[in-house]
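Here's the structure, in structure tokens; my notes come after.
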Amino acid sequence: MKLAVINFSGNVGKSTVARHLLAPRLPGARVIAVESINADEGQEQSLRGFQFGELQEYLQAVDDVVVDIGASNVEELMRLMHRYRESHEEFDCFIVPTVPPPKQQQDTIATLADLHAVGVLPDRIQIVFNMVDDREPLERAFHILLSFLEQKPIALANTDCRVGVNEVYARVGGMSADLAEIARDETDYKRLIARAGDRQEKMALGRRLATRRLARGVVPELDACFAALNLGRFVSDDADVAGVAS
Ligand SMILES: Nc1ncnc2c1ncn2[C@@H]1O[C@H](COP(=O)(O)OP(=O)(O)OP(=O)(O)O)[C@@H](O)[C@H]1O
Ligand SMILES: [Mg+2]
């Protein structure tokens, strides 16, 4: 499966969604970051100042990939998708993370409209509602975007495709492991802390324990969000997609 994670807006969680929501649940998938600056750590490969032609060639050579398109490259990518007709068909689905602030919702609408203009069908464009705050109904927080989509259903907006605000994403920013991996870690931190020689070591171990606890808290939410994306419809053999076959 080949997915593109895209939004004209920066800081909406494209890299977070690619790394922690999508790649860990698509066996064998790697994340390719199309970033011109500050390619995120922990991502396996970056195409800096990339050539769209090269990206297309690369996409022929791999089966499973999540392409994380940094905000600074989105406009260029859109321009090239216009030029290379039907090139969007290389991707099974475009995942569009969005966040509540009105400016970001407007940018999300512009992103959806552009994808629609290059010919991507509505069922191949899916919103992920990110940084959702449980204290406010999602329908109210994302009112601008949802009412646009009611008028013009050019993308899928399933409100179960949601990721809550959580400090764990900032904590794991510089780490190479994804949250699912961190949650699976079985290290007995309490024992290690008891044996640790100095306070600094105890604190470092304590941080890792706290991160694992937070990770274990969010993994079920990420699983539910991934299941709601229903990406299994893009594979003939459902066994290829974790959580869809079972
Ligand atoms: N659900 C969330 N809860 C809390 N923080 C989050 C969440 N999602 C993302 N973040 C944080 O928001 C910041 C921006 O996220 P991220 O880097 O994934 O955005 P991006 O869209 O890839 O940005 P850019 O356009 O710069 O590449 C990061 O610090 C990340 O840890
Ligand atoms: Mg990013």
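The values are calculated or read from the model by the stated rules, or taken from the named source; none is laboratory data. Quick caveat: nothing in here was measured; it's all calculated off a predicted structure. Cβ placement follows ideal geometry from the backbone for every residue including glycine, while neighbour counts extend to all protein chains displayed.
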Residues in region 1-15: is at least one assigned to a helix (DSSP H, G or I), within 16 Å of ligand 2 (Cβ to nearest atom) and either at pLDDT below 95 or small (Gly, Ala, Ser) (or both)? yes
Out of all the residues in region 88-110, is one or more in contact (Cβ under 8 Å) with a residue 24 or more places away in the chain, away from ligand 2 (no atom under 16 Å from the Cβ) and in contact with a Gly (Cβ under 9 Å, 6 or more places away or on another chain)? yes
Quick check on my filter: what residues within region 35-62 are buried (at least 18 other Cβ atoms within 10 Å of the Cβ) and at pLDDT 80 or above? Leu55
How about region 189-232: which of its residues are more than 30 Å from Arg124 (Cα to Cα), not aliphatic (A, V, I, L, M) and not in a helix (DSSP H, G or I)? Gly197, Asp198
I'd like to verify a number: residues in region 104-119 that are more than 17 Å from the chain's Cα centre (by Cα) and of a type in the set (Val, Ile, Thr), how many? 2
Residue under question is Asp185, and the condition is that it be under 20 Å from the mean Cα position of the chain (by Cα) and in contact (Cβ under 8 Å) with a residue 12 or more places away in the chain; does it hold? no
Answer yes or no: is there a residue in region 150-169 that is basic (Lys, Arg) and surrounded by fewer than 16 Cβ atoms within 10 Å (Cβ to Cβ). yes
Only one of these conditions is not met by Val65: (1) within 10 Å of ligand 1 (Cβ to nearest atom); (2) crowded, with 22+ Cβ neighbours inside 10 Å; (3) modelled with pLDDT of 85 or more. Which number is it? (1)
All positions within region 119-168 that are of a type in the set (A, V, I, L, M, F, W, C) and part of a strand (DSSP E or B): Ile125, Ile127, Val128, Phe129, Met131, Val132, Leu156, Val163
Can you name every residue in region 159-178 that is of a type outside the set (Val, Ile, Thr) and within 16 Å of ligand 2 (Cβ to nearest atom)? Tyr169, Ala170, Gly173, Gly174, Met175, Ser176, Asp178
Restricting attention to region 117-134, which residues are farther than 26 Å from Leu80 by Cα and modelled with pLDDT of 95 or more? Phe129, Asn130, Met131, Val132, Asp133
Given the criteria over 15 Å from Val132 (Cα atoms) and not basic (Lys, Arg), does Ala224 qualify? no
Selection over region 59-79 where residues are away from ligand 2 (no atom under 16 Å from the Cβ) and either over 20 Å from Val235 (Cα atoms) or touching a Gly at 6+ places or on another chain (Cβ under 8 Å) (or both) yields a count of 4
Pairs, please: C-beta under 7 Å, at least 6 apart or cross-chain, first residue within 17 Å of Val120 (Cβ to Cβ) and in region 144-169, second in a loop (DSSP other than H, G, I, E, B) and of a type outside the set (Ser, Thr, Tyr)? Leu149/Ala155; Leu149/Ala157
